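The block underneath contains the structure these notes are about, expressed in structure tokens.
The values are calculated or read from the model by the stated rules, or taken from the named source; none is laboratory data. Fair warning: this is a prediction, and the values are worked out from it, not measured in the lab. Glycine also receives a Cβ, built like all others from the backbone with ideal geometry; neighbour counts cover every protein chain displayed.
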Amino acid sequence: MQFPGQGRPPVGIVFNCDMAAIDDALALALLYGFDGKNESRVIAVSVSKSTLNAAAFCEAIGRFYAGAVSGAFGGFGRTLPVGLSLDAKAADLPMFAMPLAKKNAEGAPAYANGIHHLNETAEPVALIRNALTAQYDQNAIVLLAGPATDLVKVLDLPGAKDLIARKVRLLVVAADEPAIQSDVTAARKLFAEWPTPIVIAGREVGEGVLFPASSIEKDFAWSPAHPVVDAYCAYKPMPYDAPTWAMSAALYGVRPKEGYFQLSEPGTMQVLDDSRTKFTPAADGKHRYLIVDATQKERIVKTYTEIASAKPVPRQFRFRPPQKKDAEPPKPPAIKPQPQ
């Protein structure tokens with residue numbers, strides 16, 4: 001939520017993912033790392049696969065960070081509600097099943113979470129709409145790391161395109177092939193109708209800069225138990241370096257002017273019937289894609305490892321004094337839990 005009377009806060013991040021690969025968990029850690037540095041705020045997290053444990057894992061990561069971070073939710077034992085789509089079926093993966101099953105020395109769950117039943121999750125379309133409604137104009141960024149299904153449903157809401165155009169600066173899409181293939185119709189509609197600029201992090205970006213296993217083994221050692229470390233070790237046999245589609249989308253979304261990546265010329269991205277994408281350059285196009293800059297790889301990896309592994313610290317709000325042009329945003333509708 002926004003903070004009336006304190007001026008414009010850092011950009012709010014809506015993260016819609018399928019939590020189908022370890023990169024999604026790393027991206028969420030990166031976003032909470034930026035949140036702790038007061039560079040951005042995680043304002044909505046939703047999972048586009050109907051697996052309760054995936055939502056519970058996201059909530060556990062949020063609680064892990066909120067336990068040490070004071071602010072809108074931390075310090076009060078609360079975290080953001082997690083959205084869970086009911087449209088797609090998916091099997092539980094070891095990367096979130098293992099951390100959720102882990103016990104501490106007292107036999108209690110190592111990572112507390114408040115999601116054990118469907119009605120403890122939020123409907124993702126309402127969650128995303130409400131989060132955007134609560135933001136100042138042009139003070140939100142949407143990150144997509146999974147099927148476009150939920151975002152297209154947001155687009156279809158009455159007045160949603162105007163709301164998105166007013167509130168959202170940018171949509172950044174981690175466009176890996178499985179995500180597009182899982183809902184080609186939604187991906188096609190998203191690229192055709194989304195009203196803001198779109199930046200795409202494609203396969204070559206995710207595979208061009210890898211997250212090093214060595215960071216998991218040493219940089220996260222400040223905590224004897226870390227949900228992202230446990231997820232990483234459960235995802236594949238160690239050691240392995242992980243692709244970074246979602247991380248690159250998150251990094252560019254939060255720090256678009258830092259020169260980590262090169263940008264293509266403007267154009268239009270289309271999704272073909274066979275799920276392949278086609279980019280057509282056009283001077284008036286609203287789409288661009290990220291290009292790996294070989295000279296920046298070391299810097300990108302350093303940023304990934306330092307921010308994602310950083311120990312949460314109490315946040316010090318340093319908002320500028322409120323200005324006359326900063327009108328208080330309207331309060332969003334209440335988010336109702338999903339039925340059993």
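Of the helices (runs of 4 or more DSSP H) lying entirely inside segment 90-183, the ones with 2 or more residues being of a type in the set (A, V, I, L, M) and out of contact with any helix residue (DSSP H, G or I) (no Cβ under 8 Å at 6 or more places or on another chain) are found at 124-133. A count restricted to segment 170-203 and to residues that are over 20 Å from the mean Cα position of the chain (by Cα), of a type in the set (D, E, K, R) and surrounded by fewer than 16 Cβ atoms within 10 Å (Cβ to Cβ) stands at 1. Any chance you could count how many residues in segment 283-298 are more than 12 Å from Ala175 (Cβ to Cβ), of a type in the set (A, V, I, L, M, F, W, C) and not in a helix (DSSP H, G or I)? Residues meeting the conditions: 3.
Within segment 34-56, being over 21 Å from Thr149 (Cα atoms) and at pLDDT 95 or above holds for Phe34, Glu39, Ser40, Arg41.
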